[in-house]
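Structure, as structure tokens:
The values are calculated or read from the model by the stated rules, or taken from the named source; none is laboratory data. Being a predicted model, the structure only gives us computed values, none of them experimental. Glycine also receives a Cβ, built like all others from the backbone with ideal geometry; neighbour counts cover every protein chain displayed. Accessible surface is based on the protein model in full, side chains and every heavy atom, while ligands, DNA and RNA are left aside. Shrake-Rupley method; radii C 1.70, N 1.55, O 1.52, S 1.80 Å.
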Amino acid sequence: MELPRRARGDELLKPGELTRIRERLRILAREHDLSSVIACAFDHRTRMLPFIFADTRMIPAGVRAIGSALADAGFAKTRIVLQQWNRNFRPSQMRLDGRIPDVFMVSSMSLHSEECMELIRDAHRIDPAHRPLIIAGGPHAVYEPYDLFSADPANPGSADVVVTGEEFVLLSFIEAVLSMRGRDESMRGAFVRARDSGILDAIPGLVYSRGDRNGAPEELIDTGMQRLVGDLDELPHPVLGYRLMEPPGRHANLSAQAMPADQVLKHSPISSLVLTFGCKFACPYCPIPAYNQRQHRVKSGDRIADEMFRLNKEFGLRLFFGADDNFFNDKARTLDIVEKLARAEFEGISLRSRARWYTEVTVHDTLLMKDHLPLVRESGCRALWLGVEDLTATLIKKGQSADKTAEAFHALREAGICPMPMMMHHDSQPLYSRGSDYGLLNQVELLRRAGAVSMQILMLTPAVGSKLLESTYASGQVFESAGGRAVRPYMRDGNYVVASNHKRPWQKQLTMLAGYLYFYNPVWLVIALIRTGTPVRKKPAYLQIFGNLGLVMTIARTSGWAVRLMLGRIVRTTRSPCSRIPMHGVDGGASSHDTSVTPIAATHPLVRRPEPLREVAAR
Ligand code: B12
Ligand code: SF4
């Protein structure tokens, strides 16, 4: 199921609403000596192609955005800890400014959710009299907020509240709780009173629990879909978040000081930046358009230039990765941004001599921008990731074909921008096809000839929040386990075959490895080292080095799964993700984040869809 859409015209905050809450909180903050720790959950078992190196060498924008929002609102006692860098961090041991923080927050993608829950459980080990208020947020919270509450009394430990939205929702929540907070009262105590008073129900974008049944919540209340900030210039500046980073370390506790500014570049040479959000396409396997309420949200070119400049000046950062869904989504807006970036000058120095940036686009929109690609390069762009998925458009039609893809890739190479394709392998695609472009190797070869500098091959995997999710489960394609090994959240990253109707799913697993091996191998590495005279210079050689190393890790991590798929019994499930705890809207009606619960009158028990399990032998 996709996230539901708010009423037409009510998807966005009113202009200036985010700015005003930031101002109000700055006044309120003077009366509250609040300290917070924000942890980023990370499961190290996910380290492999195609994201290896980017996953740990780029401080995630989500936790930085939350840190920036708090610092901007006047809560300077905030620290951001990454499990990427601090594997041994234990919330139960944390002290900030010599005391247990008032608030513990955790951000997680779905594939890191096991680590996220472990952090929450560990925070519950703190003496209840001093335990911080626990707030969870991030992509997993957006799509499966119920998963951050434990339904298992034998293994309790839940978030107090889950934020299913962005900065505005968190700031509104903090404002509401602080408005109830008495002198020296704990944030958790104030939260409980705010919750029970009903004031949280007026803040769309929250899920909180009520009642207690043997340590597990009795019910969850979903306050609905958030309103999104439309003008991204209203967001707090990203420099603030970078000042709050916990340095990498092996301790369970936090360091006395945040990471010094001159260490940031060394540990995180790439800086992810919010430039735009949203995409006009509607691919059925993608949750992004619904998350964005079909809106396209942008930052102005001036603001982006200012962010790059200040990040460069304070931390020496030169490489920026746009957190865009489709940066070329709107030609006029794109041109406005790149023109500003190409011309921007600060303190007599042009920005483009200091900053290089990269982001994601589509083939279709790249062709629309074909004549402007030299300007895009002039603005500092050096690589673009393109969702090619399947060149023959059998999987999804969004304006791509082998010819158009090759045309877009050639145009990018000519302009000196590296084309970085992202492919999606699926059941009906063979390893090789004779006389057509259908096979995976045929497509990898075609992309290589067209100038691809890197390669991403992931298996089509049902994504929570996408249109295809329920039907994929209902059709019995989704695996629960193979060869006795359960499919765990960290395996849902597209690198493992965990949903397939193919007679021999192990072949799909090996086909992906063969596709990578065809692209990343010592032969092409040597060729790339020799051929450095092209407009993209040494970049293909660097990417071959990373790719070859990453492939070794990918083979090591996924080949065992291929063996289980080949020799073991595959157990399938038709039960799509849903809340195990009764969850409903503030008025007792349907919850926005789990429609598997039939709407009820608040006084009646909740009715859940039947959850049949189907077992199918692999062979
Ligand atoms: C950049 C990016 C990456 C980079 C991340 C590098 C890095 N270290 O930052 C790379 C390329 C490595 C990557 C990899 C993957 N990614 Co990615 N990626 C993105 C992308 C495009 C931008 C992320 C970003 O910076 N956003 C900007 C920040 C500000 O937004 P945010 O993180 O959502 O945070 C906001 C809110 O969520 C909230 N929030 C966040 N944390 C918290 C915490 C608290 C306490 C609160 C209150 C609020 C809160 O407030 C923030 C500010 O608005 C997003 C899509 C998108 N546009 O967001 C996908 C996305 C995050 N990726 C996704 C996925 C699935 C993956 C992969 C599994 C690849 C795949 N198979 O598709 C891998 C996983 C790799 C790994 N081992 O972790 C999904 C996650 C879905 C989910 N349910 O978890 C997303 C959402 C795309 C999608 N399909 O919808 N990715
Ligand atoms: S083009 Fe990309 S971002 Fe847009 S809907 Fe399709 S998969 Fe999602």
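Between the amide H of residue 457 and those of 423, distances stay under 5 Å, these residues lying 5 or more places away or on another chain, with hydrogens modeled in the peptide plane. Does region 244-324 come out rounded, prolate or oblate by the C-alpha gyration tensor, with a ≥ b ≥ c the root eigenvalues, rounded set by a/c under 1.5 and, if not, prolate when a/b is larger than b/c and oblate if not? Oblate shape, in that a/c is at least 1.5 and b/c is the bigger or equal ratio. Comparing Cα centroids, region 499-553 and region 252-311 end up 27 angstrom apart. Ligands, DNA and RNA left out, the 1.4 Å accessible surface of region 5-64 is 54% carbon and sulfur atoms. Taken over the C-alpha atoms, region 382-460 has Rg and Dmax values of 11.7, 36 angstrom. Measuring r between the beta carbons of residue 531 and residue 31 and using R0 = 60 Å, the FRET efficiency lands at 0.40. Note on residue 567 and residue 403: their simple-model spin labels are 4.9 nm apart, each label 7 Å out from Cα toward Cβ. Look at the Cα gyration tensor of region 1-158: its axes a ≥ b ≥ c give a/c under 1.5, and that counts as rounded.
Per the Cα gyration tensor, region 500-589 maps to an equivalent ellipsoid with semi-axes of 41, 23, 10 Å, ordered largest to smallest.
Rg ratio for region 87-131: its Cα radius of gyration over 2.2 N^0.38 Å, N being its residue count, equals 1.18. Eigen-decomposition of the gyration tensor built on the alpha-carbon atoms of the chain gives equivalent ellipsoid semi-axes of 38, 31, 23 angstrom, largest listed first. Candidate cross-link partners of residue 331 among the aspartates and glutamates, defined by an alpha-carbon separation under 18 Å and a same-chain spacing of 8 or more, comprise 231, 302, 339, 360, 365, 371, 378.
When the alpha carbon gyration tensor of region 150-277 is reduced to an equivalent ellipsoid, its three semi-axes come out at 31, 22, 16 angstrom, largest first. Taking the DSSP beta bridges with both ends in region 211-340, the antiparallel portion is around 45 percent. On a per residue basis, the chain carries 40 Å² of accessible surface, using protein heavy atoms and a 1.4 Å probe. Could you pull out the GluC sites (Glu not before Pro) across region 230-327 that fall in loop regions by DSSP (anything but H, G, I, E, B) with no more than 12 other Cβ atoms inside 10 Å? The qualifying sites: there are none.
Give the calculated FRET efficiency between residue 255 and residue 199 to the nearest 0.05, with a Förster radius of 51 Å applied to their Cβ-Cβ distance. Efficiency for this residue pair is about 0.90. Label separation (residue 555 vs residue 129): 5.9 nm, computed from points 7 Å beyond Cα along the C-beta direction. Counted residue by residue at 0.36 nm each, then reduced by the alpha carbon distance between them, the extension gain from residue 486 to residue 24 reaches 161.5 nm.
One Cα centroid belongs to region 1-34, the other to region 63-113; the line between them spans 21 Å. Three principal axis extents describe the C-alpha atoms of region 438-583; from largest down they are 61, 34, 28 Å. Pairs from the list 280/467; 370/539; 370/538; 508/539; 14/280 with a Cα-Cα gap above 18 Å: 370/539; 370/538; 508/539; 14/280.
Over the C-alpha atoms of region 333-419, the Rg to Rh ratio, Rh being the Kirkwood estimate, stands at 1.05. Between residue 371 and residue 10, the FRET efficiency from the beta-carbon distance, with R0 = 30 Å, is close to 0.20.
Taking label points 7 Å from Cα along the Cα-to-Cβ direction, residue 99 and residue 54 give a separation of 4.2 nm. Among rounded, prolate and oblate, which fits region 1-87 when a ≥ b ≥ c are the square roots of the eigenvalues of its C-alpha gyration tensor, a/c under 1.5 means rounded, and a/b larger than b/c means prolate? Oblate shape, in that a/c is at least 1.5 and b/c is the bigger or equal ratio.
If both residues of a DSSP beta bridge must be in the chain, then about 35% of such bridges are antiparallel.
Could you pull out the trypsin sites (Lys or Arg not before Pro) across region 404-511 that fall in loop regions by DSSP (anything but H, G, I, E, B) with no more than 13 other Cβ atoms inside 10 Å? In loop regions of region 404-511 (DSSP not H, G, I, E or B), the sparsely surrounded trypsin sites (Lys or Arg not before Pro) are 434, 503. Report the trypsin sites (Lys or Arg not before Pro) located in region 209-318 that are in a DSSP loop and have at most 12 other Cβ atoms inside 10 Å of their Cβ, or state none. Answer by residue number: 250. Among the cysteines of the chain, 40, 116, 279, 381, 418, 578 have no other cysteine beta carbon within less than 4.7 Å of their own.
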